[in-house]
Amino acid sequence: MGPHMARPRTGIRAGQRELTLGPGAAYPRRMSCSGSLWCLRAAVAWTSSLATVAGCTDRSVTREPECVLRAFAANSGEADHQCALAEDGSLWCWGRSAEGQLGVDDDEASDSLPGPRPLAHGEWRDAAVGREHTCAIESNGALWCWGGNGFGQLGLGTSSDTPHAKPERLAPDQWLQIAAGEVWSCGLRAPGTLWCWGGNEFGQLGLDREDEIIAMPTQVGDAEDWQQVTLGSSHGCGLRVDGAMWCWGDNGAGQLGQGVALQRFPVPVQVGTRTDWELVRTGASHTCALADDGSLWCWGHWGQGPALGHGVEPDPLPVNYEPRQVGDATDWIDLAVGFSHTCARKSDLSLWCWGQNIDGELGVGSVGDVSTPTQLVGDDWIDVSAGGTFGCAIARDGSPHCWGFVLGFGDAASEPLLREPAAVDCPVE
């Protein structure tokens, strides 16, 4: 996942007022009066003037952060921690914190936090969590990163085993969107350029370089029309303004959608020829995307596996190394891809998950793999996220719910797995 994690969302057409911005904002955007700026083709910073134009409340008055959540940080599918943006622009994080990835510099959070706690400063509009690091963009376009930096994934110019528990500001500014992979990061800067840094073992930085670590943000190609980027374990994908999808990095499981399972593609390559993609998400070894017509497509994962949502496959297995539609529904509006599972929302705000389910990460009330979309309890979910062995969703009232294993709820030896969505205390004192 504008302030709503800078992700295009296809379920907000009805009831939204369309707003075209001035010079430097070349693409149509939509504004809602819930405190969120929805961006159809590119991300822009939230300003009080835009809020005034939209007829929304001016939120510039300083006040204590309120834990009314509206959007999760983009998740690499590897993380054992979670972050989310609140309606007031504050950023809340919880879960594992051994490498300082929660941005909370105190002894209490040395291992984990069981529920959300706000960062000490900033009004945030986008965030992303990797395996052991977190990055977020303030409303002024400044980018901050914290947590583990063993592969230079914080973008500070160095790599070190010493964690950074406090947010570190990267230069320059004008950041529009941020994404985090397992041990790497990418972001979009105005006017729409793509930048990547961190671990590069599989060519996942898209720079066509052999360096295993590139610790400073480095531009990928010279295109200036990127409108979305998402990162998995060691591959990335993005959308251009024309609706075309491009992917790069590790392709050992066919996750780049090229019709083959070659080891890697060190520069972005286009996925097919269609130009109607609206949202793409990446996991450990599979990729899923939504098209403009509300259809859902998944591929990769060594050409098989329940994470693709295609049901029980025949023998021999078909090769799913390029986009293949999941069922025939055309009312999907959002999705999240975890390590080996997938979740998606429909236009009626129902939530569906499928894939690997060893630790209850599907939230369907049981364990055991599920090969087709299966509905979770509830029908008022406004956002969804999938991590390594867990899932989380935000209810209409802004309350977070999680299921599966991790996120500070204890370990398998001391606590049962959460097999259905359970409310997370918010805030944690």
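Laboratory data are not the source of any read-out in this text; all were calculated from the coordinates shown. Please read all numbers here as calculations on a predicted model, not as lab measurements. Ideal geometry is used to build each Cβ from the backbone, glycine not excepted, and the neighbour counts take in all protein chains shown.
At-a-glance table
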quantity	calculated
Amide H partners (placed H, <5 Å) of Glu123, local residues excluded	Ser139
Computed FRET value (nearest 0.05) for Glu64 with Arg209, which takes r as the C-beta separation and R₀ as 51 Å	0.65
Karplus 3J(HN,Hα) series, Hz, for region 294-301 with 6.51 cos²θ - 1.76 cosθ + 1.60 (x for Gly, Pro)	x, 7, 10, 10, 9, 7, x, 6
Residues Met216 and Glu313, FRET efficiency given R0 of 51 Å [Cβ-Cβ distance, rounded to 0.05]	0.75
Between region 362-397 and region 257-277, the Cα center-to-center distance that results, in Å	29 Å
In nm, spacing of pseudo-spin labels at Trp302 and Asp328 (7 Å Cα→C-beta vector)	3.2 nm
Using distinct alpha-carbon pairs, which all enter the 1/r mean, Kirkwood radius of region 121-265 in Å	14.9 Å
Ranked list, fewest to most other Cβ atoms within 10 Å of each Cβ, for Asp126, Asp88	Asp88, Asp126
Order of Thr134, Thr275 - criterion: other Cβ atoms within 10 Å of each residue's Cβ, fewest first	Thr275, Thr134
Hz values of 3J(HN,Hα) by residue in region 375-391 - Karplus curve (6.51, -1.76, 1.60), Gly and Pro given as x	6, 8, 5, x, 9, 9, 8, 9, 7, 9, 9, 10, x, x, 9, 8, x
Separation in nanometres of the label points that stand 7 Å from Cα toward Cβ, at Ser350 and Asp173	4.6 nm
Per-residue HN-Hα couplings for region 150-159 [Karplus 6.51, -1.76, 1.60; θ = phi - 60°; Hz; x = Gly/Pro]	x, 10, x, 6, 7, x, 8, x, 9, 10
Where labels lie 7 Å past Cα in the beta-carbon direction, separation of Glu224 and Arg264 in nm	3.1 nm
Amide hydrogen neighbours beyond the local backbone of Glu322, cut-off 5 Å, H modeled	Gly259, Gly300
Fewest-first sequence of Glu99, Glu420 by Cβ atoms within 10 Å of each Cβ	Glu420, Glu99
Under 5 Å, built H, 5+ apart or other chain: amide partners of Asp383	Ile394
